[in-house]
Every structure is written in structure tokens, then in C-alpha cells.
Amino acid sequence: MRPLHVLPAALAAILSLFLAQSVVAQGKSRTGPLRIEITNGVIEPMPFAVPAFVATTATSQQVAKDIVGVIVSDLTGSGLFREIPPNAQISGISNFDAPVQFADWQAINAQALVTGAVSEGLGGRLTVKFRLFDVFAQTSMGGGLQFSGGRKDWRRIAHKVADTVYSRLTGEQGYFDSRVAFVSETGPKGQRMRRLALMDYDGANYRALTDDRSIVLAPRFSPDGTRVLYTSYETGTPQVFVLNTRTMRRRRLADTKGMSFAPRFSPDGKRVLLSLSEAGNTDLYVENLASGKRTRLTVAPSIETAGSFSPDGKQIAFESDRSGAQQIYIMPAGGGEAQRISFGAGRYGTPVWSPRGDLIAFTNINNGRFHIGVMRVDGSEERLLTSSFLDEGPTWAPNGRVLMFFRETRGVSGAPSIYSVDISGRNLKKIPTPAYASDPSWSRERK
Amino acid sequence: MRARLALILVAGGLALAACSNAIPNSGLSGANGSYKSDTVDYFNTTVGDRVHFAVDQSTLDAQAISVLDAQAAWLIKNTVYSITVEGHADERGTRAYNLALGARRASAVKAYLVSKGVSANRITTVSYGKERPIALCSAEKCWSQNRRAVTVVRAGASS
């Protein structure tokens, strides 16, 4: 996405990737909409078909194929949908506007059908039109839509189509058109080289943000997806920096004598919650980015770190060993009395508040195993979703239904990779990355 | 950058080869391999540059205290040196917590050295959390080596 700001026209395209509602006749009503519920743990994936999109220009045939590939990969990758592959399909779509032969799709038990057409205009500008059908109700679900963008935006366009399909079938916001900031790692365990990097949520479009001369840790996206907070050792001591991923300008947060680390943005993007260690004691602070004014939130001889704001900005979840071991607490955003919410077996760290506000994701360490889990904000209904030698650092999908985290394997050749899992513990997947990868931060917005 | 680094390495190799009988920089004093007592090598090998900690602890045990007593005595005698105390943790914790734990360990060492008469302004501390393991296996014999505070000596007053 980086070069998009080069041309004003292209900038306009990326800022909008505009959704133009096209006129589509609404089908007849049915008693209940086609809907997959993703709140329950056990789901039979919904069968769907995406026949080849109609290429309306000769040059758009390959990209039409590629776009369908990404749409199918997004939907099946969510674990909620099962593709009925092209070789099982009875008929294709040769005319985007011709009536759909529902019987052909019913015969192969496709419940949802996505049809589309791709055209390439002047300067390689792509326009993708698509419709979603409920095959058995023989209706169009929502209106037809079209997305336009530059030739190189074809993956984003495909993700937007998949997001729309996901949203119409689940009632939840899609998360496919999203990015992840993370730490890309190379070299052996004892001499790891790290750099900040960005990728699409599916591992595509890898882009390095820093070189690997200093240790960098734990990037955290701003709510608007334009900036990344991270910790770097480039001064010799861990210090928090903020980097604008478009201009690549960066600066250190207000100077401190000791170490600063574990930063996270406030929901309005104007403040940073971070941890400072002075004389060996770590406490939570909040810093106003515009003024540089820093306020201390905790004053205790114990370790207070890994703070995360609630989405309404009113509360902070953090970890502390004030009880003798790492546990999760919640306190008002201005500091004050904290309530412990983790009471299960073992130690708890890295609390991250869901964007929906309903859950807190965490790392649990118990009996030599590491787990990613979720609990309600009051600590109830704890669920451990994963288990391994070392799972750590959850980050939420924009819709609060999926988590990414990193898993490090054991031993001398142990190394980290990024995984995703949904909040019922299903659909554990490794995200493909060009090198070892850790510390994912999933963006809510993509501007 | 890479080419320049390679040149320096080659030059270093030549220097070592050229004066293998006596290498003042390393303080090697004789064929038995012992170092002069005012050198960094002596500190690292004979005094002892590191102490170790129990799981999730920053308290100094008897062995650590005897190493730190020797460090303090050496530092008081050799005032041209300043030190950075690096705190480290094993891999069995989360990143931010281990940074905080490493800071605690480094600080515990600094506080002890200061209590023994080493000037606080000669000592800086830094935590590497679990990011710089020296023993790489995933077993207690390695983790116990990684739960450490290392006193890194350098010439010159602290900033």
C-alpha cells in the first residue's frame, strides 16, 4: 500500500476504495435469512461456491482468477465456510447480469453463491462487481456492490469482497482487509536479529519498517492504523518510539532516565500507556503524545506492566505481581484502586481488551505450559484456547472474534511463528511469514 | 559497512599474530594464561562478572553475594572503570514481565555494589529480559544460566 500516496488520484482511491451501490432487484423474502452463528463453539462450515468471476476485458482474466482465489482463501480460512470447488460445480457464470440458475447450485448443496465480474479500465484501474446469493431461498443477499482500485490493490479489493460476504452471512464485521505489525526475526536463537515489519492479515505484502541493527520489540498499531508504537534498544536502553508508517517519520517518546517499554495507544490515539522502570521498579504511566506530559498511574514496589485500555478508554487492564505472582488487574484509566480478575491456576500476563469490550485476552503460564485465553472483563468464563511450550502476546482481530499470537518452539533451534485462533479455540492456523515472526499487532483500521 | 567491518577484523587478526608473546590489551601476563589484576579480563574471569537468580526472583543468594563482594572490592581499587549491569531472564516468562524482572535483577546488583562502597554514578543498569539468552537449550540447566545479572566493565567514567 505504501506507494499509493504518490499520485493524488491513487490516494483518493485508497482512502475510499469506494463502495458504489449498484441497483440489483431484490429477491423474494424468506422466513429467515441465511446466517451462520459464530458465537457457538461448534460450527458446521457453511458450503459456498465462488465460480470464476467474469473477466469483461481480456487483460483482466488472470486478476479475476487471483481475486477469486483470495476470496475463497479468506472465507475458508475463517473456518466458518467450506468451498465447493470449481470441479464440483455444474455450471459457471458467463454473464454477470443473467439470472442465476439456482437449481445447478442447489444440486451441489452450495448454500451461498458469490458471483462477480472484473474489468480493467484506463491505467489498469480495476473494477470488481459482485453479488451474494442465498441459493436455497433463491434470493440476492444485500445489493450488488462494486469496488474499484489500482491494479496493485487487487488483494485489498478481494479482501473487501470477502469482508462483505462474511459480514452478510455472519452479521459480524469482516476482518480480511486488515494488517498486522510484527517483529520479523532471523538468525540463530542466541543471536536473533529483529526488525519491525508489516503484512496483510494473511501474510501477504510483507514490508520491513526498520533495519535489524537494534533489538526491537512489541509493535502496537494506533487505532487509525497510521502509526506504530514499539520498543527499541537503539539508545542502549529500551525506549519507546512512535513511527508513522506512511511518512516513516519516527520519534522517541519523552525522554526518561530509565527504561520504557510495553506501550499501547489509547482508543482515541492521543495518549500512550507505557511502563517505566526506575531503580528496578516498573510502574504504569500514560503520556499525552501532543504535549509530552506524562502521568504516573501506579505507585507500588511490585511490577506493574503490559497495560491495555478498554475500548471506551475508561479503564485499564494490566498485569502485576503485587500478590506474589503475575496476575491481571483492572483499574480506572486515571489510576486508583485495582481489582484483580485472574484467579485460575498459574500466572497471568499480557491482558488485551477486546475491541468489542466484552473480553480480555491473556497469556497464562501454568505447569510449564503457556496458553492463550480469554475471560470476561470480570474474570468469569475463562477459556484457555491454546497450549504449547510458549504461546504469548495475543492481539485481537478488528471484529473481536479471532486472535493472533506467537508461538515459540522449544530447544536450541527454537523459533517463533505467528498463529491465529478463533475465540472458541477453533481454527488454529500458522500465518505464513518470510522469516521467524513474533509480537503481532492486528490493525483495526487501514487508512 | 560490511567491507569495513571485515577490514577491521583482518587488521585485528594481524595484530594478534604480530605480538603473540605479549598482548597488553588483554592483560595476559604469562604462559600460564593468568591476567593482570587491573584488567577487564581479570575481572571477567577471576573476579567473576555474573550472578544468578532463582526462578522469578531478584534476591541475591550467598554465592551471588560473594561474587559481588569481590566485584565491589575490585571496582573500589580500579576506579578508572565504570560498569553497566545487565539484567536477564530465562525464556519461561512473557516479554514485558521479563524486561521488568531483568530490571529488578540489575537494580539489586547495583544496590548491593553501592552498599559496598562503589559510587552509584559509576553504575548504569539495563534489562534485556529474555531477549539475550546465553544458554540455548529449553531445560533448567540452560534457564538457570540465563537468569543472570552481568557486570560489564568499561574504561572511563560513567556518563
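The values are calculated or read from the model by the stated rules, or taken from the named source; none is laboratory data. As the structure is a prediction and not an experimental result, all values here were calculated from the model. A quick note on method: Cβ atoms are made from the backbone with ideal geometry, for glycine too, and the neighbour counts reach across all protein chains shown. With ligands, DNA and RNA removed, areas are computed over all heavy atoms of the protein, side chains included. Shrake-Rupley method; radii C 1.70, N 1.55, O 1.52, S 1.80 Å.
Assorted remarks:
- Filtered by the rule that a residue be open to solvent by 10 Å² or more (accessible area, probe 1.4 Å) and over 23 Å from the mean Cα position of the chain (by Cα), the range A:315-325 gives A:ASP321, A:ARG322, A:SER323, A:GLY324, A:ALA325.
- Residue check for A:VAL100: assigned by TED's automatic domain parsing to the domain that holds A:TYR166, open to solvent by less than 30 Å² (accessible area, probe 1.4 Å), farther than 19 Å from A:VAL72 by Cα and out of contact with any Gly (no Cβ under 7 Å at 6 or more places or on another chain): yes
- Members of the range B:134-149 found to be in contact with a strand residue (DSSP E or B) (Cβ under 8 Å, 6 or more places away or on another chain) and facing chain A (nearest Cβ under 10 Å), listed by number: B:ILE134
Listed here are the residues, each with its yes/no results for (1) among the acidic types (Asp, Glu); (2) open to solvent by less than 20 Å² (accessible area, probe 1.4 Å).
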| residue | (1), (2) |
| --- | --- |
| A:ASP163 | yes, no |
| A:TYR166 | no, yes |
| A:GLU185 | yes, yes |
| A:ARG194 | no, yes |
| A:SER214 | no, no |
| A:PRO219 | no, yes |
| A:SER222 | no, yes |
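- Residues of the range B:47-72 satisfying the condition of being in contact (Cβ under 8 Å) with a residue 12 or more places away in the chain and in a helix (DSSP H, G or I): B:VAL47, B:GLY48, B:GLN63, B:ALA64, B:ILE65, B:VAL67, B:LEU68, B:ASP69, B:ALA70, B:GLN71, B:ALA72
- With respect to the conditions (1) touching a strand residue (DSSP E or B) at 6+ places or on another chain (Cβ under 7 Å); (2) open to solvent by 10 Å² or more (accessible area, probe 1.4 Å), A:LEU403 falls short on a single one, namely (2).
- Scanning the range B:117-127 for residues that are open to solvent by less than 40 Å² (accessible area, probe 1.4 Å) and more than 8 Å from chain A (Cβ to nearest Cβ) yields B:VAL118, B:ARG122, B:ILE123.
- Look at (1) surrounded by 13 or more Cβ atoms within 10 Å (Cβ to Cβ); (2) not in a strand (DSSP E or B) and you find that A:ALA290 fails only one, number (1).
- Taking each residue of the range A:388-413 that is farther than 24 Å from B:ASP90 by Cβ and more than 8 Å from chain B (Cβ to nearest Cβ) and looking for partners that are of a type in the set (Lys, Arg) and surrounded by fewer than 23 Cβ atoms within 10 Å (Cβ to Cβ) with beta-carbon atoms closer than 8 Å, six or more apart or interchain, yields A:PRO398/A:ARG444; A:ASN399/A:ARG356; A:GLY400/A:ARG356.
- Selected residue (only one of A:GLN106, A:GLN89 is open to solvent by 10 Å² or more (accessible area, probe 1.4 Å), over 22 Å from A:GLY143 (Cβ atoms) and at pLDDT below 95): A:GLN89
- The range A:196-209, residues that are open to solvent by less than 20 Å² (accessible area, probe 1.4 Å) and not in a loop (DSSP other than H, G, I, E, B): A:LEU196, A:ALA197, A:LEU198, A:MET199, A:ASP200
- Residue that is farthest from the other protein chains (Cβ to nearest Cβ) [pool: residues in the range B:80-116 that are in contact (Cβ under 8 Å) with a residue 12 or more places away in the chain and over 30 Å from A:ARG192 (Cα atoms)]: B:VAL80
- Listed here are the strands (runs of 3 or more DSSP E) enclosed by the range A:326-387 that have at least 1 residues being small (Gly, Ala, Ser), within 12 Å of chain B (Cβ to nearest Cβ) and open to solvent by less than 50 Å² (accessible area, probe 1.4 Å): A:347-353.
- Single match in A:ILE372, A:ILE423, A:ILE418, A:ILE365 (criterion: farther than 30 Å from B:ARG132 by Cα and not hydroxyl-bearing (Ser, Thr, Tyr)): A:ILE423
- For A:THR59, the conditions (1) touching a residue at least 24 places away in the same chain (Cβ under 8 Å); (2) under 23 Å from A:PRO398 (Cα atoms); (3) part of a helix (DSSP H, G or I) all hold with the exception of (2).
- Any hit, the range A:305-318, residues being among the basic types (Lys, Arg), assigned to a strand (DSSP E or B) and away from every other protein chain (no Cβ under 14 Å): no
- Residue tally, condition closer than 19 Å to A:VAL161 by Cα, outside any loop (DSSP other than H, G, I, E, B) and out of contact with any Phe, Trp or Tyr (no Cβ under 6 Å at 6 or more places or on another chain), over the range A:83-113: 2
- Evaluation of A:TYR166 against (1) part of a strand (DSSP E or B); (2) hydroxyl-bearing (Ser, Thr, Tyr); (3) in contact with a Gly (Cβ under 7 Å, 6 or more places away or on another chain) (one fails), failing number: (1)
- Within the range B:48-67, being away from chain A (no Cβ under 14 Å), under 21 Å from A:ASN281 (Cα atoms) and open to solvent by less than 20 Å² (accessible area, probe 1.4 Å) holds for B:VAL51, B:ALA64.
- Neighbours by Cβ (under 8 Å, 6+ apart or cross-chain): first from the range A:248-265, more than 14 Å from chain B (Cβ to nearest Cβ); second of a type in the set (Phe, Trp, Tyr): A:ARG250/A:PHE241; A:ARG251/A:PHE241; A:ARG252/A:PHE241; A:LEU253/A:PHE241; A:PHE265/A:PHE221; A:PHE265/A:PHE309
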